[in-house]
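Structure first, then comments.
What follows is calculated from the coordinates using simple rules that are stated; it is not laboratory data. Please read all numbers here as calculations on a predicted model, not as lab measurements. Glycine gets a Cβ as well: all are built from the backbone with ideal geometry, and neighbour counts include every protein chain shown.
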Amino acid sequence: MTLLERQYEQMLTIRRFEETLLRLFSEGKLTGTTHTYIGQEADAVGVIAHLDPERDVVFSNHRCHGHYIAFTGDLFGLLSEVMGRSTGTCGGKGGSQHLHRGNFYSNGVQGSIVPVSTGIALAEKEKGTGAVTTVFVGDGTLGQGALYECLNMASLWSLPLLVVVENNHYAQTTPRHLAVAGDIRARGAAFGIETDELDSTDVEEIHSAAQRAVDHVRTTGRPFFLVLHTYRFSPHSKGDDFRDPEEIAQRRAHDPLLVAGARLDGDVRARIDEAVERLIAETVEAAEAAPVAGA
Amino acid sequence: MSGQPRCVQVLNGALAEIFETRDDVILLGEDLLDPYGGAFKVSEGLSDRWPERVLTTPISEASLFGVAAGMALRGRRPILEIMFGDFIALGFDQIVNGISKFREMFDDQVAVPLVVRTPMGGRRGYGPTHSQSLEKLLMGVPGIVVVATSECHDLRALLVSAVDDDRPVFLIENKLMYGRPNRRPVGGYLDELRVVETETRYPALTFSGSDFEGGAATIVTYGGMLPIVLEAATELILEHEVFCEVVALSQLLPLDLEPVVESVARTGACVTAEEGGLTGGVGAEIAARVQERSWGDLRRPVQRVAAHDGVIPAARELENQALPGVRDVIDAVAAVAGVRI
């Protein structure tokens, strides 16, 4: 499988997984909440390709399924966690937003995860593991003061921390212009941190930018602040989408799956599509058969 | 008494011992570096000896709790010094939504073995935001351990145990305690009082002026209130021939109720004494549990002694009026014991 084929397959897996969650919700088979990653798949796939799950650490946020799948490949653990099964990644205690497996962590409070990631990077530096710790935040999290405390410390202490800001332009329902003043990238630069910025849904472009970012952290041991402008096609959670349908339609023309898929051979793409559909169906079947947590 | 080291020296020596015996411990906090050595000098001399293991930080408490949590998740044993206990308020997101939850919500796949050391307490004229005893705010956070030090506890053992603990431990120190001798019982006695100590990780001390032959009441206390309560208990004996037992807890959360229940079974009455504010205080939790467990032993409802619900003023007399003193403890004992004093 070529790199692009694998990237397409991963993105499609995330897409179908998230669509399946929304379907299961509508069928009453899921309770609680979820925050789907639909539209942002190229970010997770482009960045996480450069990380070693055995050594590196990823800390994600409420919108964590894409990162989790790209880093661990564990669809069954994730789906059964979200479905409240004892086979879930956290035995059903965490649910959609609170995941841990191996070197992957997520938590549901905005800004809360950056301090913990900073401490992880500090510990890994002390231990001399060479690990890169990557924390994913959104434009909404730019409102949290703890983020800036941590940019300050990560720079002061030269920590191997990659901060990825996925700017999907909305903090839940609040558009960026009502919540974020000034320039996003400049926030990292202000602390003497190397930065980069990309406005793309092209997984190959994101892959290249992320390569530079991860290499920088890996070779210098210093932090990096990577801003990826993106867009989510689905609601923040469920039933809370008040955006202009015209705007969403325009963005959908740049769907990362269309961009990558257009570069693939038709037969190859069809085979991948079919394999992903099958994998998702098998995962749903297995999770539905798994024991209910607490039963 | 003068032969006993001051509490600050004991804690400082324990930190040095921990550095000598463990290589996974780092101390972080504000203004820790020598020659200053921390606002209350507990870390004095450490950064000179172990420059790579004492990390002085920006003023960023909201994040520092999380930084410590991240280090603990990855196998380190950080000790976070928070300069004034009042500043834990800045860290509550990390305490409530991270530190206390990671272990259980990640299905016991992780541990968060960190220690937060912080001084609480007033009587130094520091005013409303530098004098509080806020450990009561931690009492409602399951998943953490809250340990109160006192001048009569084995401070070295408490600190070493906290660092050895795989759970997150909040070690409550006290500003006045630092400068006082670490008055340990000798041969089962502290002055004229018999003392027994539980053989638990975070022991409770029970003091009796009547050789545990019963008494008028059990006074449950901890931390900086202990010397005040002991003074009150001594005065009750000498001036009024009223004998009490005093239980000095160190483990507040999960609440170490057994020594209290055992003492109340002997005395039949209970007073709680804390320096923190009355409403929703540590004493409220103790009172509720004692009434659940010891109802048949109690002659009267549990009485609470605590600070008034309001700010702790800076001016000395106003501060004294706001904080509980010897008189308040004596009055509460008189009330539950049904004696006129």
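Key figures
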{"read-out": "Label-point separation, A:His177 to A:Ala249 (7 Å along Cα→Cβ), nm", "value": "2.1"}
{"read-out": "Chain B: calculated mean residue ellipticity at 222 nm from DSSP helix runs of at least 4, using -39500 (n - 2.57)", "value": "-9000 deg cm²/dmol"}
{"read-out": "Fewest-first sequence of A:Lys29, B:Lys175, A:Lys238 by Cβ atoms within 10 Å of each Cβ", "value": "A:Lys29, A:Lys238, B:Lys175"}
{"read-out": "Alpha carbon centroid spacing (whole Å) that separates the stretch B:1-66 from the stretch B:107-151", "value": "17"}
{"read-out": "Antiparallel bridges, percent of DSSP beta bridges restricted to the protein assembly as shown (to nearest 5)", "value": "25"}
{"read-out": "For residues of A:122-129, the mean tally of beta carbons on other chains within 10 Å", "value": "5"}
{"read-out": "Test item: B:94-106 mean partner chain Cβ contacts at 10 Å", "value": "4"}
{"read-out": "Nitroxide proxy distance, nm - points 7 Å out along Cα→Cβ at A:Arg212 and A:Ala189", "value": "1.3"}
{"read-out": "Of the trypsin sites (Lys or Arg not before Pro) in the stretch B:3-94, those whose Cβ has at most 14 other Cβ within 10 Å and which sit in DSSP loop", "value": "B:Arg22"}
{"read-out": "Partners for A:Lys29 among lysines (Cα-Cα distance below 23 Å; same-chain residues under 8 apart left out)", "value": "A:Lys93, A:Lys238"}
{"read-out": "Summed residue charge, Cβ within 13 Å of B:Ala148's Cβ, Lys/Arg positive, Asp/Glu negative", "value": "-4"}
{"read-out": "Set of lysines with alpha-carbon distance to B:Lys136 below 24 Å, sequence-local pairs under 8 removed", "value": "B:Lys101, B:Lys175"}
{"read-out": "Loop sites in the stretch A:40-97: trypsin sites (Lys or Arg not before Pro), DSSP, at most 16 other Cβ within 10 Å", "value": "A:Arg55"}
{"read-out": "Restricting the stretch A:31-81 to GluC sites (Glu not before Pro) in coil, as DSSP defines it, with at most 11 other Cβ within 10 Å", "value": "A:Glu54"}
{"read-out": "Spin-label proximity, B:Asp48 to the stretch B:1-30 - amide N less than 19 Å from point 7 Å beyond Cα toward beta carbon", "value": "B:6, B:8-20, B:27"}
{"read-out": "Phi to ³J(HN,Hα) by Karplus 6.51 cos²θ - 1.76 cosθ + 1.60 over the stretch A:8-20, Hz, x for Gly, Pro", "value": "4, 4, 5, 4, 5, 4, 4, 4, 5, 4, 5, 4, 5"}
{"read-out": "Approximate shape of the protein assembly as shown as ellipsoid semi-axes (Cα gyration tensor, √5λ), whole Å, largest first", "value": "54, 26, 21"}
{"read-out": "Cα centroid separation, the stretch A:113-169 to the stretch B:290-341 (Å)", "value": "47"}
{"read-out": "Estimated FRET transfer efficiency when R0 is 41 angstrom, pair B:Ala335-B:Phe92 (beta carbons, to 0.05)", "value": "0.70"}
{"read-out": "Fraction of antiparallel bridges per DSSP, chain B only, in percent to nearest 5", "value": "30"}
{"read-out": "Cα gyration tensor category, rounded, prolate or oblate, for the stretch A:3-289 with a/c compared to 1.5", "value": "rounded"}
{"read-out": "For chain B, the longest site-free run once GluC sites (Glu not before Pro) in DSSP loop states with at most 16 other Cβ atoms within 10 Å are removed", "value": "B:1-191"}
{"read-out": "Mean ellipticity per residue at 222 nm, deg cm²/dmol - from DSSP H runs of n ≥ 4 across chain A, formula -39500 (n - 2.57)", "value": "-14500 deg cm²/dmol"}
{"read-out": "Segment A:Leu156-A:Thr129, length gained on full extension (0.36 nm per residue, minus Cα span)", "value": "7.7 nm"}
{"read-out": "Cα pair distances of chain B binned at 10 Å [whole percent]", "value": "6, 26, 34, 23, 9, 1, 0"}
{"read-out": "Computed magnitude of the charge dipole of the stretch A:11-152 (debye, nearest 20; Cβ of K, R +1, Cβ of D, E -1)", "value": "360"}
